[in-house]
Amino acid sequence: MIRLVVLVSGGGTNLQHIIDRVNDGTVTNTEIVEVISNNKGAYALTRAENAGVPAKVISPKDFDEREAFNKALIAELDNVKPDLIVLAGYLVIIPPEMVEKYPNKIINIHPSLIPSFCGTGYYGLKVHEAALKRGVKVTGATVHFVDEGTDSGHIILQKAVEIKDDDTPEILQKRVMQEAEWKLLPKAIDLFANGKLTIKDHKVFISE
Ligand code: GRF
């Protein structure tokens, strides 16, 4: 059974789908041991409470310097001892020390087909606004391992989503979440939890 910690910042719809898939047995060999939010007002915390999952708020705003926040976040993880850390709509920069401590044990969901519309400044609705502005016909979501860059780690899973002519950023975001994010993240967790992900020559191989 792997110990899973989920980091959140907002509404927590990705967290909810992880909780639901663990509860219905779609995601196996996984226990969600803690949810950590940087935002005390995140509805994701309510979702964790409703599901009986322990939750904590560790916010940069509660520390004089970012270094102190980084240390507090890493200390909490040392305490909980996760096998896998999932960033589910988490909007805080991951401390380099954390990436070093958990190599290929941190995964992130990004709402585009990386390497399109990713990197610094591309998060939440901004990603979909950029895709619509560029006029791409297809977008989607990507689950990837977190490395020292932004949205630059090894890609685990991707799923394409068609863009419709009358899409607004909000409509597109919802479709990408429904058709891609909420499916990919639980799938990636289940693959990780069952030892089915192998990294070789900068590529992730999935053994079924
Ligand atoms: C979503 O746009 C997701 O793509 C991004 O964070 C946003 C919030 O997701 N990673 P959630 O509802 O908090 O899971």
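The values are calculated or read from the model by the stated rules, or taken from the named source; none is laboratory data. Because the structure is predicted, anything quoted here is derived from the model rather than measured. Heads up, the Cβs are rebuilt from the backbone with ideal geometry, glycines too, and the neighbour counts pull from every protein chain shown. Side chains included, ligands, DNA and RNA excluded: accessible areas come from the protein's heavy atoms. Shrake-Rupley method; radii C 1.70, N 1.55, O 1.52, S 1.80 Å.
Determine, yes or no, whether Leu45 is under 18 Å from Val143 (Cα atoms) and buried (at least 20 other Cβ atoms within 10 Å of the Cβ).
no
Is it the case that region 122-143 has a residue that's within 13 Å of the ligand (Cβ to nearest atom), at pLDDT 95 or above, under 18 Å from Ile206 (Cβ atoms) and assigned to a loop (DSSP other than H, G, I, E, B)?
Scanning region 122-143, I find no residue that is within 13 Å of the ligand (Cβ to nearest atom), at pLDDT 95 or above, under 18 Å from Ile206 (Cβ atoms) and assigned to a loop (DSSP other than H, G, I, E, B), so the answer is no.
Within region 180-191, how many residues are within 18 Å of Ile114 (Cβ to Cβ), more than 12 Å from the ligand (Cβ to nearest atom) and open to solvent by 10 Å² or more (accessible area, probe 1.4 Å)?
The qualifying residues number 2.
Might you check whether a residue that is touching a residue at least 60 places away in the same chain (Cβ under 8 Å), open to solvent by less than 60 Å² (accessible area, probe 1.4 Å) and within 18 Å of Leu84 (Cβ to Cβ) occurs anywhere in region 147-170?
No, that holds for no residue.
Please work out which residue is surrounded by the fewest Cβ atoms within 10 Å (Cβ to Cβ), limiting yourself to region 96-115 and to residues that are within 14 Å of the ligand (Cβ to nearest atom) and over 12 Å from the mean Cα position of the chain (by Cα).
Out of the qualifying residues, it is Ile114.
Let me spell it out: the conditions are (1) touching a strand residue (DSSP E or B) at 6+ places or on another chain (Cβ under 6 Å); (2) within 15 Å of the ligand (Cβ to nearest atom); (3) in a loop (DSSP other than H, G, I, E, B), and Gly119 meets all of them except one. Which number is the exception?
(1)
What are the residues in region 84-95 that are buried (at least 17 other Cβ atoms within 10 Å of the Cβ) and either more than 19 Å from Thr120 (Cα to Cα) or of a type in the set (A, V, I, L, M, F, W, C) (or both), if any?
Passing the criteria: Leu84, Ile85, Val86, Leu87, Ala88, Val92, Ile94.
Can you list the strands (runs of 3 or more DSSP E) found entirely within region 1-95 that contain at least 1 residues being under 16 Å from the mean Cα position of the chain (by Cα)?
2-8, 30-37, 84-87
Looking at Ser116, is it of a type in the set (Ser, Thr, Tyr) and touching a residue at least 24 places away in the same chain (Cβ under 8 Å)?
no
Between a first residue in region 195-208 that is at negative phi and a second residue that is of a type outside the set (Ser, Thr, Tyr) and open to solvent by 70 Å² or more (accessible area, probe 1.4 Å), which pairs have beta carbons less than 6 Å apart while being 6 or more apart in sequence or on different chains?
Pairs that qualify, where the first residue is at negative phi and the partner is of a type outside the set (Ser, Thr, Tyr) and open to solvent by 70 Å² or more (accessible area, probe 1.4 Å), are Thr198/Phe205.
If you scan region 144-188, which residues turn out to be out of contact with any Leu (no Cβ under 7 Å at 6 or more places or on another chain), of a type in the set (Gly, Ala, Ser) and part of a helix (DSSP H, G or I)?
Scanning region 144-188 gives a single hit, Ala180.
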